[in-house]
Each structure stands twice: as C-alpha cells, then as structure tokens.
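Engineer: One structure, as structure tokens, below. Some questions next.
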Protein chains: 2
Amino acid sequence: MKKVIVSIALRESILDPQGVAVKGGLAQLGFTGVEEVRIGKRIELLVSDETTDTMIHDMCQKLLVNTVMEDYRFEVEEVTTA
Amino acid sequence: MKKVIVSIALRESILDPQGVAVKGGLAQLGFTGVEEVRIGKRIELLVSDETTDTMIHDMCQKLLVNTVMEDYRFEVEEVTTA
C-alpha cells in the first residue's frame, strides 16, 4: 500500500473569504500578529502499490480538485503492511 | 514573517463520511485501487516573527481545531520578506 497526501489550496489570485473570517476570529481572540489566513484541504488516500503518479494526477483532476480555482500537489509515502 | 502550515485530520477512530463518499466517487470513475480516503484541512497562516509555537498551539486549540474530533500538527517556515 501507498499513502498519498494531496494538498489543495485556493489559487493565490482568488480571495479566500473563509480565511478572512478566521483571521478576524483570531484577532478577536487577541492574536493580532496574524497577517493572512488561507484555508485549504488535505486529502489522505490509501492506494494499492499499482497506483501510478499519473493515476493520482488523474484522480485529482477528475474529482478531488477544482483546477479552475485550486492548485494541488501530492506526496507519496510507502506504507509497510506488516 | 513566518509561514505556519497547520494540518488537521479527523481522529482515526472517527468515521469520515465525506471520505467514504469520495472513495465511492473514485471507484465509479474506475479508480479501484483506492482503499481509504480521509479528508482533512490545511490552514496556512502568515504570522509575525514574534508569534511563538505556544501561541500557535493556542490558536489551534481555541479556534482552528475541534480537539474533540480532530488531531492537528503544524510546521513553521521562515519567510524572507525581501
């Protein structure tokens, strides 16, 4: 098995209202040193060893990521199934 | 400035229905080698250099993370403001 971690973030050019709201919330709690907050997704997949990077890109582009608004990248870790 | 990446995931013991749905979606698209999908959050903060790790833990526990259901960890990167 392989573990794939897909990190998804809104493109830099796109406003993140959820992040703005969280920044406001932090400020109200007294955390004034926060300049920017951006909220993205982190999807963890457990896939078979036969799954190639091309297939993972395919999964991202067909289902996991809205490529118009979001950027993604992924890391693959080997998982020992002992 | 420092960049803080907070990774938030549902605790292992908690069912992730969104992940189950995504797994089903991937299977329908023909990606059958996917064993498990878990969906979490990835929050990127840009904070002042004075912000300590203790303050970041505080932000997580007071606002960003539901510590009853979620686990979190974070990484800090130095950002050069050239």
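Engineer: Which pairs in the list A:LYS3/B:LYS3; B:LYS3/B:LYS23; B:LYS2/B:LYS41; A:LYS23/A:LYS62; A:LYS62/B:LYS2 are over 30 Å apart, alpha-carbon to alpha-carbon?
Structural biologist: Working: A:LYS3/B:LYS3 25 Å; B:LYS3/B:LYS23 32 Å; B:LYS2/B:LYS41 20 Å; A:LYS23/A:LYS62 32 Å; A:LYS62/B:LYS2 34 Å.
Going by Cα-Cα distance, B:LYS3/B:LYS23; A:LYS23/A:LYS62; A:LYS62/B:LYS2 fall outside the 30 Å limit.
Engineer: Take peptides B:54-61, B:12-19 and line them up by average Cβ neighbours within 10 Å, highest first, as a rough protection proxy.
Structural biologist: Details: B:54-61: 16.6, B:12-19: 11.8.
The densest-packed peptide leads the list: B:54-61, B:12-19.
Engineer: Under a point-charge model restricted to the Cβ atoms of Lys and Arg (+1) and Asp and Glu (-1), what is the dipole moment magnitude of the protein assembly as shown relative to its Cα centre, in debye to the nearest 20?
Structural biologist: Details: 18 positive and 28 negative charges, 108 e Å.
Rounded to the nearest 20 debye, it is 520 debye.
Engineer: Still on this model: Taking the C-alpha atoms of the protein assembly as shown, how large are the radius of gyration and the largest Cα-Cα span, Dmax, in Å?
Structural biologist: That works out to 17.0, 49 Å for Rg and Dmax.
Engineer: While we're on this one: Just in chain A: which trypsin sites (Lys or Arg not before Pro) are loop by DSSP and have at most 15 other Cβ atoms within 10 Å? Walk me through the numbers on the way to the answer.
Structural biologist: Values: sites: A:LYS2, A:LYS3, A:ARG11, A:LYS23, A:ARG38, A:LYS41, A:ARG42, A:LYS62, A:ARG73; in loops: A:ARG11.
The qualifying sites are A:ARG11.
Engineer: Please compute, for peptide A:45-55, the average count of beta-carbon atoms on other protein chains lying within 10 Å of each residue's beta-carbon.
Structural biologist: Numbers: counts 12, 7, 8, 5, 1, 2, 5, 1, 0, 0, 4.
That average works out to 4.
Engineer: Could you work out the mean count of beta carbons from other protein chains within 10 Å of each residue's beta carbon in B:66-79? It would help to have the intermediate numbers written out before the result.
Structural biologist: Numbers: counts 0, 0, 0, 0, 0, 0, 0, 0, 0, 0, 0, 0, 0, 1.
Mean inter-chain Cβ contacts per residue within 10 Å come to 0.
Engineer: Taking each residue in A:27-33, count the Cβ atoms of any other chain within 10 Å of its Cβ, then average. What number comes out?
Structural biologist: On the way: counts 0, 1, 4, 3, 10, 4, 11.
Neighbouring Cβ atoms belonging to other protein chains average 5 per residue here.
Engineer: How tilted is helix A:17-28 with respect to the longest principal axis of chain A? Cα atoms for both, answer in degrees (0 to 90, nearest 10).
Structural biologist: Its long axis makes an angle of about 50 degrees.
Engineer: Taking Rh as the Kirkwood radius computed over C-alpha pairs, what is the Stokes-Einstein D of chain A at 37 °C in a medium of viscosity 0.692 mPa s, expressed in µm² per second?
Structural biologist: So the translational diffusion coefficient is about 224 µm²/s.
Engineer: Which loop GluC sites (Glu not before Pro) in the range B:32-82, with loop taken from DSSP, have no more than 15 other Cβ atoms within 10 angstrom of their Cβ? Working shown, then result.
Structural biologist: Values: sites: B:GLU35, B:GLU36, B:GLU44, B:GLU50, B:GLU70, B:GLU75, B:GLU77, B:GLU78; in loops: B:GLU50.
Those that pass, being in a loop and sparsely packed, are B:GLU50.
Engineer: Could you work out the helix-only [θ] at 222 nm for the protein assembly as shown, with each DSSP H run of four or more residues adding -39,500 (n - 2.57) and the total divided by the number of residues, to the nearest 500 deg cm²/dmol?
Structural biologist: Result for the protein assembly as shown: -6500 deg cm²/dmol, rounded to the nearest 500.
Engineer: About its Cα centre, what dipole magnitude does chain A give when the only charges are +1 on Lys and Arg Cβ and -1 on Asp and Glu Cβ, stated in debye to the nearest 20? Mind showing how you got there, number by number?
Structural biologist: Values: 9 positive and 14 negative charges, 67 e Å.
Charge dipole, chain A, about its Cα centre: 320 debye, nearest 20.
Read-outs: derived from the displayed coordinates by stated rules, not from any lab. From a predicted model like this one, the values you see are computed outputs, not experimental measurements. In this analysis, Cβ positions are derived from the backbone assuming ideal geometry, glycine residues included, and neighbour counts consider all displayed protein chains.
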